[in-house]
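**Q** The structure is given below, and queries will be raised subsequently.
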Amino acid sequence: DGRREVISGRHRFDLAKRTGEATIPAQIVRETDGFDLAAAITADAELNIRDGHGKTKDFANYFRHAGLEDAEAEARGLRARAPGRAGWIIGTQGSPAVFDLHANGQLTDAQAEALARTAPGNEALQRAGVVAMNRGTPIDVTVNLLRAMQLQVGTAPTPDQMDLFGADDSAMLRMEEQARTATEIQRGIRDQVAAVQGAAKRPDKAKQLGVNVK
């Protein structure tokens, strides 16, 4: 309808207005030429990534709408850094709800990535994870809760099966207890591994404490 929207470069545009700059180089794209909302979101994300300012949200947006295959994303180095790897998981495996909540800042990068990685493409399980996180359940406990649910109903539960958990408090409480127990065991193992790795890196100090790293 003739209105214009700044797709990318909003900060530069604002700076130009504040400093009285009369003109600014720009590229105009038109919706009537087929440049729709998805194309605008993809362009904004890609430009941020090219500028080296791409955050996990930019990568997630880009991967969600660009339609890249796994091999192409890898070949182009788009997953070389942590934000790219997390964005790939969220953008390609996150449910619509998880993707939108992350995009709106209602899920952190770590929360959204954990849900998408644990239950890839599974809307019902990811929804249950969001509910748990909204109750304040830590990420690692939520991950184990989803795994417990998968053991109960399989890797592809139907919405009806998931609704049963909401109706059966005892089943949910039992699985949450399993999840917390599993998480404590995992944390203990990680502590043991870290201690051994630390000793191996400092054999002289370990020897003083009577530890033979060999």
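**Q** Cα gyration tensor of region 18-60, axes a ≥ b ≥ c as square roots of the eigenvalues: rounded (a/c below 1.5), prolate (a/b > b/c) or oblate? Before the final figure, lay out the partial values.
**A** Values: a/c = 2.89, a/b = 1.15, b/c = 2.52.
Oblate, since a/c reaches 1.5 and b/c is not below a/b.
**Q** Taking all protein chains in place and a 1.4 Å probe, what share, in percent, of the accessible surface of region 1-96 do carbon and sulfur account for?
**A** Details: 3340 of 6710 Å².
C and S fraction of accessible area: 50 percent.
**Q** Let me know the charge dipole size of the chain about its Cα centre in debye, to the nearest 20, where only the beta-carbon of Lys, Arg (+1) and Asp, Glu (-1) is charged. Intermediate values should be presented prior to the final figure.
**A** On the way: 28 positive and 29 negative charges, 262 e Å.
Dipole about the Cα centre, nearest 20: 1260 debye.
**Q** Return P(r) of the chain (all Cα-Cα pairs; 10 Å bins starting at 0; whole %; ordered from short to long distances).
**A** 7, 24, 24, 21, 14, 7, 2, 0
**Q** Right, next: I need the phi-derived Karplus couplings for region 203-214: 6.51 cos²θ - 1.76 cosθ + 1.60, θ = phi - 60°, integer Hz, Gly and Pro marked x.
**A** Residue by residue, region 203-214 yields x, 5, 5, 4, 4, 4, 8, x, 9, 9, 5, 6 Hz.
**Q** Long-range amide H contacts for Leu107: which residues qualify at under 5 Å (H placed 1.01 Å from N, peptide plane, sequence gap of 5 or more or a different chain)?
**A** Amide H neighbours of Leu107, under 5 Å, 5+ apart: His102.
**Q** To continue, here is another question. Please turn the phi angles of region 76-89 into ³J(HN,Hα) values with the Karplus equation 6.51 cos²θ - 1.76 cosθ + 1.60 (θ = phi - 60°), one per residue in order, whole Hz, x for glycine and proline.
**A** Couplings: 7, x, 6, 10, 6, 10, 4, x, x, 5, 5, x, 4, 5 Hz.
**Q** Given Gly52, Val141, Ala179, which one lies farthest toward the positive end of the charge dipole of the chain, if we put +1 on the Cβ of every Lys and Arg and -1 on the Cβ of every Asp and Glu?
**A** Gly52
**Q** Per residue, how many Å² of accessible area does region 1-95 show with a 1.4 Å probe?
**A** Values: 6640 Å² over 95 residues.
About 70 Å² of surface per residue is accessible.
**Q** Hey, what do the phi angles of region 133-140 turn into as Karplus ³J(HN,Hα) couplings, whole Hz, using 6.51/-1.76/1.60 and θ = phi - 60°, x for Gly and Pro?
**A** Those phi angles translate into 5, 5, 7, x, 5, x, 4, 5 Hz.
**Q** Over the alpha-carbon set of region 45-110, divide Rg by the Kirkwood Rh and report the Rg/Rh ratio to two decimals. Mind dumping the intermediate values first?
**A** Numbers: Rg = 10.8 Å, Rh = 11.5 Å.
Rg divided by Rh gives 0.94.
**Q** Would you work out if region 85-141 is rounded, prolate or oblate? Take a ≥ b ≥ c from the square roots of the eigenvalues of the alpha-carbon gyration tensor; rounded if a/c is under 1.5, else prolate when a/b is larger than b/c, oblate otherwise. List each step's numbers first, then the result.
**A** Values: a/c = 1.41, a/b = 1.28, b/c = 1.10.
It is rounded, given that a/c, with a ≥ b ≥ c, falls under 1.5.
**Q** Is the shape of region 1-100 rounded, prolate or oblate, going by the alpha carbon gyration tensor and its root eigenvalues a ≥ b ≥ c, with a/c under 1.5 for rounded and a/b larger than b/c for prolate?
**A** It comes out prolate by the Cα gyration axes.
**Q** Give the lysines reachable from Lys205 as a straight Cα distance under 30 Å; neighbours fewer than 8 places away on the same chain don't count.
**A** Leaving aside lysines fewer than 8 places away in the same chain, those within reach of Lys205 are Lys214.
**Q** Another question, then. Can you return the lysines within cross-link range of Lys55? Criterion is Cα-Cα under 27 Å, with same-chain partners fewer than 8 residues away left out.
**A** The qualifying lysines are Lys17.
**Q** So, one more: Would you kindly state how much longer the chain becomes between Ile185 and Val211 on full extension, computed as 0.36 nm times their sequence separation minus their alpha carbon distance, in nm to one decimal? Don't jump to the answer; show the numbers that get you there.
**A** On the way: separation 26, 0.36 × 26 = 9.36 nm, distance 2.40 nm.
This chain segment gains 7.0 nm when fully extended.
The values are calculated or read from the model by the stated rules, or taken from the named source; none is laboratory data. It should be emphasised that the depicted structure is a prediction, and the values quoted were computed from it without experimental measurement. Methodologically, a virtual Cβ is constructed for each residue, glycine included, from the backbone with ideal geometry; neighbour enumeration extends over all protein chains shown. For accessibility, only protein heavy atoms count, side chains too; no ligands or nucleic acids. Shrake-Rupley method; radii C 1.70, N 1.55, O 1.52, S 1.80 Å.
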